[in-house]
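Asker: Attaching a single structure in structure tokens format; questions to follow.
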Amino acid sequence: MAFEITGSNVDELIASGQPVVIDFWAEWCGPCKMVAPIIDELAAEYDGKIVIGKCDVDTNDELAARFAVRNIPTVVFLKDGKLIDKQVGATTKAVFEAKIKALL
């Protein structure tokens, strides 16, 4: 299961030194529900190597604004605290995995 990322824990996660992947989503978003199981699978597969989590934009709008999230689902890929890549919209597991491997 993907980690819950909020405005109160994001800086600590980024400071951990591991790459961080954040899935910005909302309960009412259909495409977000398509991406959710993929994010959960990747979180389990890359556990210990990368932090993969989910951020509900309805309860963390400041965090969404910080990463310029205007549409959901949006998945951001961070390394050393810097935004390396961004995926807007639903896509396949292979696309997400390629972006994750680029972080490692």
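The values are calculated or read from the model by the stated rules, or taken from the named source; none is laboratory data. Values in this document were obtained by computation on a predicted structure and should not be read as measured data. Cβ: placed from backbone, ideal geometry, glycine included. Neighbour counts: every protein chain shown. Surface areas here come from the heavy atoms of the whole protein model, side chains and all, with no ligands, DNA or RNA. Shrake-Rupley method; radii C 1.70, N 1.55, O 1.52, S 1.80 Å.
Asker: Need a quick list: strands (runs of 3 or more DSSP E) entirely within the chain having at least 3 residues that are open to solvent by 60 Å² or more (accessible area, probe 1.4 Å), free of Cβ contacts under 8 Å to residues at least 40 places away in the same chain and out of contact with any Pro (no Cβ under 9 Å at 6 or more places or on another chain). Step through it out loud before you land on a result.
Answerer: Working: elements: 20-25, 51-56, 74-79, 82-88.
Output list reads 82-88.
Asker: Return yes when V10 is hydrophobic (A, V, I, L, M, F, W, C) and touching a helix residue (DSSP H, G or I) at 6+ places or on another chain (Cβ under 9 Å) and no when it is not.
Answerer: Values: hydrophobic (A, V, I, L, M, F, W, C): yes; touching a helix residue (DSSP H, G or I) at 6+ places or on another chain (Cβ under 9 Å): yes.
Taking the combined requirement at face value, the residue satisfies it.
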